[in-house]
Amino acid sequence: MKRLFVLLLIAASSIAAKVAGPGYKVGDIATDFKLKNVDGKTVSLTDYPAAKGYIVIFTCNHCPYARAYESRIMALDKMYASKGYPVIAISPNDPAAIPEDSPENMKKRATEKKYSFPYLFDDTGLTTRTYGAKATPHVYVLKKTAKGNVVQYIGAIDDDTEGTNIKNKYVENAVNALLSGKNPTITSTKAIGCSIKLKAI
Amino acid sequence: MTQIRLFLLLLMVVFVFQAKAQQKAVRLLTIDQLEKRVSHQDTVFIVNFWATWCGPCVKELPVFDQLQKTYKNQPLKVLLISMDFKSKLNTAVVPFVQNHHFTSEVFLADKSSEQEFIDRIDKNWSGALPGTLVINTKKNLHKFYEQEFTYPELNKLYQNSK
């Protein structure tokens, strides 16, 4: 009986590992999604035919680190949407676990702050699992190519969440490099963030 | 005159004690210092990374402190390392720690680079909080858990790491 239980446990954990997946690495082709925006309409990457790429950001309402970056996220869209790299923000948290991240509260925040970019709700958590985002805020810079949307950068927005002594604006540098036809020098970074609470499958 | 002197002396004593209390409550810790600390043989280190602003972290901190209390006579060291901004030491971290009266040692990560700090703790850590590192040098054990713990889960982890 005990053995059976252990076997079951191994089976269950391997399934869980499979579902969670390692997520994307730089160079992978990122899948498109169809997620509901705060205005009630759905948004996909294909809705941007003129885009050269995308700045996909997993972020949320409640996380103090995400909030610390909110104005920098808004600035990124203002800076790069017109150049072909719009910001697409995705909130991954299960509102049952974190009520502050409910679609209603997302809508409130986006309206109050006048977000110029979509703020999508990953209600199933599938997109977040596929991309492999673990914490907010977490950025994926994608470049549109004939093969698909290639992941060019994964990680933090810059090297100082507090914003008092920023030495490296990772996302800006990555997008600037792509805009001038080069590959980003720094392609993945890590930073402290709030762990994402996905809805259980 | 003597009264004033006495008063000043008292004031000084109070200041020194306060400074001591603060010092004891939370100390700064660099990654070099942490690596040196946890390399100590014959001790199991359970290092929890948390922040005052992180809800799930604050919720599970008592679980870690309970483990340290329960096994205070065993070679177990629970270290609680706050990843709060250094600028929040006196305004957020110290008051929080003073309110909680932890038995475990509490530190504030002194990180020149967040990236380097995270990578040197564990390559697999995304940076999400909370996170827990278990080290037993004698058993060559170094494992990072990017998850929350209940007391039974943590206790089991400790028993398996001894």
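List of remarks:
- Restricting B:124, B:136, B:140 to residues that are surrounded by fewer than 15 Cβ atoms within 10 Å (Cβ to Cβ), of a type in the set (S, T, N, Q) and touching a strand residue (DSSP E or B) at 6+ places or on another chain (Cβ under 8 Å) narrows the list to B:124.
- Residue list for region B:129-143, restricted to those being facing chain A (nearest Cβ under 10 Å) and in a strand (DSSP E or B): B:129, B:131
- Qualifying residue in region B:152-160 (condition: within 11 Å of chain A (Cβ to nearest Cβ) and closer than 23 Å to residue B:62 by Cβ): no
- Test set (1) under 16 Å from the mean Cα position of the chain (by Cα); (2) at pLDDT below 95; (3) of a type outside the set (S, T, N, Q); (4) farther than 22 Å from residue A:198 by Cβ - residue A:10 fails condition number: (1)
- Of all residues in region B:79-107, those that are surrounded by fewer than 18 Cβ atoms within 10 Å (Cβ to Cβ) have Cβ atoms under 7 Å from Cβ atoms of residues that are small (Gly, Ala, Ser), 6 or more apart or on another chain, in B:98/B:25.
- Within region A:95-117, the only residue that satisfies the criterion of being surrounded by 16 or more Cβ atoms within 10 Å (Cβ to Cβ) and among the β-branched types (Val, Ile, Thr) is A:98.
- Of the helices (runs of 4 or more DSSP H) lying entirely inside region A:94-198, not one contains at least 2 residues that are within 12 Å of another protein chain (Cβ to nearest Cβ) and in contact with a Leu (Cβ under 6 Å, 6 or more places away or on another chain).
- Flag for residue A:115 being modelled with pLDDT of 95 or more and in contact with a helix residue (DSSP H, G or I) (Cβ under 8 Å, 6 or more places away or on another chain): yes
- Test: residue in region B:110-128 that is over 23 Å from residue A:195 (Cβ atoms), in a helix (DSSP H, G or I) and not polar (S, T, N, Q): no
- Among (1) closer than 25 Å to residue A:189 by Cβ; (2) among the hydrophobic types (A, V, I, L, M, F, W, C); (3) more than 17 Å from the chain's Cα centre (by Cα) - the single one residue B:117 does not satisfy: (3)
- Count of region A:31-68 residues which are in contact with a Ser or Thr (Cβ under 8 Å, 6 or more places away or on another chain) and among the small types (Gly, Ala, Ser): 2
- Inter-residue pairs, beta-carbon under 7 Å, first closer than 28 Å to residue A:132 by Cβ and in region B:143-162, second modelled with pLDDT under 95 and surrounded by fewer than 14 Cβ atoms within 10 Å (Cβ to Cβ), 6+ apart: B:144/B:124
Results for (1) surrounded by fewer than 19 Cβ atoms within 10 Å (Cβ to Cβ); (2) modelled with pLDDT of 95 or more; (3) closer than 19 Å to residue B:118 by Cβ; (4) over 15 Å from the mean Cα position of the chain (by Cα), shown as yes or no for each residue.
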| residue | (1), (2), (3), (4) |
| --- | --- |
| A:152 | no, yes, no, no |
| A:156 | no, yes, yes, no |
| A:161 | no, no, yes, yes |
| A:171 | no, yes, yes, no |
| A:176 | yes, yes, no, yes |
| A:182 | yes, yes, no, yes |
| A:185 | yes, yes, no, yes |
| A:190 | no, no, yes, no |
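- When we screen B:45, B:64 for residues that are at pLDDT 95 or above, in contact with a Lys or Arg (Cβ under 6 Å, 6 or more places away or on another chain) and surrounded by 22 or more Cβ atoms within 10 Å (Cβ to Cβ), the only hit is B:45.
- Condition check for residue A:23: at positive phi, modelled with pLDDT of 50 or more and either surrounded by fewer than 13 Cβ atoms within 10 Å (Cβ to Cβ) or assigned to a helix (DSSP H, G or I) (or both): no
- Residue match in region A:82-90 (condition: modelled with pLDDT of 95 or more, surrounded by fewer than 24 Cβ atoms within 10 Å (Cβ to Cβ) and of a type in the set (Ser, Thr, Tyr)): yes
- Any hit, region B:62-85, residues being at the interface with chain A (Cβ under 10 Å from one of its Cβ atoms), within 30 Å of residue A:58 (Cα to Cα) and of a type in the set (D, E, K, R): yes
- Taken over region B:104-147, the criterion of being touching a His at 6+ places or on another chain (Cβ under 9 Å) and of a type in the set (Asp, Glu) is satisfied by B:122 alone.
The values are calculated or read from the model by the stated rules, or taken from the named source; none is laboratory data. What you are looking at is a predicted structure, and each value in this text was computed from that prediction instead of being measured. In this analysis, Cβ positions are derived from the backbone assuming ideal geometry, glycine residues included, and neighbour counts consider all displayed protein chains.
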